[in-house]
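Remarks on the structure that follows.
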Amino acid sequence: MSTVAEILKNKGTDVWSVSPEQSVYDAIKMMDDKGAGALAVVSQGRLAGIISERDYARKVILKGRSSKETRVKDIMTSHVYHTIPDDDVSSCMLVMGKHHIRHMPVLDGESLVGMISISDVVKVIIQEQEDRIKQLEHTVTWQESY
């Protein structure tokens, strides 16, 4: 079973973040520049929350707020589900599915060491299933040859 650490090894550990005091406009601009759907919100070196495109759509656009005047702290999700490098990917899938989240910060102690997405998790699970199918096909073929 694959771990979060293996995902980070393949995708990298770059984590883009903003401070709670920055404007939502700055956060959305960074998401666009980096091709990210969410950013960690870091205050005094610690994870304070997460801001996503969903937060922006629901808490700024639909409420008629100004993205240049609204601060990240006013719309960020402060109760953040996170994972650790040693967690297995399937447990992340369960948490992400249960809580309808698309991005999870990866913490090592209190240090933010990465961010995984539901896409990262699904890719790993599909690959594991494909590998398992190949193993089973090989076993069946081997047994039929005797």
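Data for the structure
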{"item": "Residue ID - surrounded by the fewest Cβ atoms within 10 Å (Cβ to Cβ), chosen from residues in segment 2-18 that are under 15 Å from ILE125 (Cα atoms) and β-branched (Val, Ile, Thr)", "result": "THR3"}
{"item": "Odd one out for ALA40, checked against (1) within 25 Å of GLU110 (Cα to Cα); (2) out of contact with any helix residue (DSSP H, G or I) (no Cβ under 7 Å at 6 or more places or on another chain); (3) assigned to a loop (DSSP other than H, G, I, E, B)", "result": "(3)"}
{"item": "Test result for ASP86, acidic (Asp, Glu) and under 27 Å from VAL124 (Cα atoms)", "result": "yes"}
{"item": "Single unsatisfied condition, ILE84 versus (1) more than 19 Å from PRO20 (Cα to Cα); (2) out of contact with any strand residue (DSSP E or B) (no Cβ under 7 Å at 6 or more places or on another chain); (3) among the hydrophobic types (A, V, I, L, M, F, W, C)", "result": "(2)"}
{"item": "Single residue of ASP131, ASP120 found to be closer than 26 Å to VAL18 by Cα, assigned to a helix (DSSP H, G or I) and acidic (Asp, Glu)", "result": "ASP120"}
{"item": "Residue satisfying condition, being closer than 27 Å to GLN44 by Cα and out of contact with any helix residue (DSSP H, G or I) (no Cβ under 9 Å at 6 or more places or on another chain), within set VAL80, VAL106, VAL113", "result": "VAL80"}
{"item": "Which listed residue is farther than 16 Å from SER117 by Cα and buried (at least 17 other Cβ atoms within 10 Å of the Cβ), from ALA36, ALA40, ALA27", "result": "ALA27"}
{"item": "Filtered residues of segment 105-146 (kept if of a type in the set (Val, Ile, Thr) and either surrounded by 12 or more Cβ atoms within 10 Å (Cβ to Cβ) or at pLDDT below 90 (or both))", "result": "VAL106, VAL113, ILE116, ILE118, VAL121, VAL122, VAL124, ILE125, ILE133, THR139, VAL140, THR141"}
{"item": "Boolean, LYS98 is part of a helix (DSSP H, G or I), modelled with pLDDT of 95 or more, closer than 25 Å to ASP14 by Cβ and of a type outside the set (A, V, I, L, M, F, W, C)", "result": "no"}
{"item": "Test: residue in segment 85-95 that is touching a residue at least 12 places away in the same chain (Cβ under 8 Å) and either more than 26 Å from LYS11 (Cα to Cα) or in contact with a Gly (Cβ under 9 Å, 6 or more places away or on another chain) (or both)", "result": "yes"}
{"item": "Residue in segment 58-73 that is at pLDDT 95 or above, over 19 Å from LYS11 (Cβ atoms) and part of a strand (DSSP E or B) present", "result": "yes"}
{"item": "In segment 43-61, the residues that are among the β-branched types (Val, Ile, Thr) and surrounded by fewer than 17 Cβ atoms within 10 Å (Cβ to Cβ)", "result": "ILE61"}
{"item": "Criterion violated by GLU21 - all others in (1) in a loop (DSSP other than H, G, I, E, B); (2) modelled with pLDDT under 95; (3) not β-branched (Val, Ile, Thr) satisfied", "result": "(2)"}
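The values are calculated or read from the model by the stated rules, or taken from the named source; none is laboratory data. All figures in this text were calculated on a predicted structure; none of them were measured in a lab. As a convention, Cβ positions derive from the backbone with ideal geometry for all residues, glycine included, and neighbour counts pool all protein chains shown.
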